[in-house]
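The values are calculated or read from the model by the stated rules, or taken from the named source; none is laboratory data. All figures in this text were calculated on a predicted structure; none of them were measured in a lab. Note that each Cβ is placed from the backbone with ideal geometry, even for glycine, and that neighbours are counted across all protein chains shown. All accessible areas refer to the heavy atoms of the entire protein, side chains included, with ligands and DNA or RNA removed. Shrake-Rupley method; radii C 1.70, N 1.55, O 1.52, S 1.80 Å.
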Amino acid sequence: MDKLSTVKIGLFCLLFGVCAAVKITSLKVPSTYLLDKNSKNPDPLILDCEYDVDENEKGFVLKWFLDGQPVYQWIPTKIPFPFQSFKNRVDTSYVVSQERLHKHRAMAIIKPLANFTGEYACMVQTFASIDRKSAKLKIIVQESKFDLNYYLNGDGYITVDCHARDISPEPELQIRINDKIFETPKPRSVLGENNLYNVSISGSIPKEELESPTTIECYLTVPETNYTKKRSTIYYARNAITYTKPLPESHLRTTTSTVATTTIVGMLQAAPENLQKKELNATDGNSASALPDQMRTTSGLIVTLVTILLIFTSTLL
């Protein structure tokens, strides 16, 4: 049945008030659906539409819409038909009732995608009656990482940092100190190539304004849903690590290994020179313990080999 026919039926119902034969009694659309990226076989997303309909009605059709676009249609004499946007995403064998006009009224979505968020509408109609109801649904891709940290700046301020990675839709972050909202600059948000958000928030407070211990919390929420996560930590003055600038863990690891390698290599490279100085001093003192040329050559080869091994090791780290 095309849109023009649907409009005509609606006008007929409004004018003559004889369209009570089909009536939606309950629309079961969850407000949120948590998408687990690590699950190979997640539970299907079930959207159900309960209604009363006269068995004598002719031309019964049920349709599901997403943001006004048809995604699913069922006519009792045919198998359910998912439209192109939901092709291979609907279990057409799913049965919710054995009654003839209710058997495939529910839409079972297999492995929903993040872009399936929106307003879903169920419409049931016959040649003489029509009814429609809608509800909003948000597909939430759970974050892969959610961390809260604090550190002491060189200027005497404590910086609190909270960040979440790979989440959708875009969340909100809020930091609280001793259950009071901590005023911070606007959160930073970046949409990655995977269409997931990386969000972070941070703020600084003078060290002397923080008692020890102090409870620090970060709340992550997705607007218009009941999805909420919390991270908490306890500030202890003696445990505050001093950083002049926060660095990623991987960068710190690489920098540390590079510095250590450089220091050790420098010590080894200086060894022959020190030995040579000792030799000269021993010669000046008429000592018989001067280092032979072959030993100096062997020492130089050892230093070279150790240097290559250390550089190779730091590259792996």
At a 1.4 Å probe radius, carbon and sulfur cover how many percent of the accessible area of the range 23-141?
-> 48 percent
Qualifying GluC sites (Glu not before Pro) in the range 25-93, DSSP loop, other Cβ atoms within 10 Å at most 16 | Glu55, Glu57
If R0 = 35 Å, then Asp166 and Asp52, at their Cβ-Cβ distance, give a FRET efficiency to the nearest 0.05 of 0.20
Could you give the Stokes-Einstein D for the range 145-235 in µm² per second, using the C-alpha Kirkwood radius, 20 °C, 1.002 mPa s?
-> 156 µm²/s
Between Lys180 and Ala237, what FRET efficiency comes out of the Förster formula 1/(1 + (r/R0)^6) with R0 = 30 Å and r the beta carbon distance, rounded to 0.05?
-> 0.95
Inter-probe distance in nm under a simple model that places probes 7 Å from Cα toward Cβ, at Gln69 and Arg100 = 3.6 nm
What accessible area per residue comes out for the range 145-235, rounded to a whole number of Å², with a 1.4 Å probe?
-> 55 Å²
Of 139-148, 205-214, ordering from highest average Cβ density within 10 Å down gives 139-148, 205-214
Overall Cα dimensions of the range 23-141 - principal axes, largest extent first, Å = 48, 24, 23
For the range 23-141, accessible area per residue (1.4 Å probe, heavy atoms of protein chains only), Å² | 52 Å²
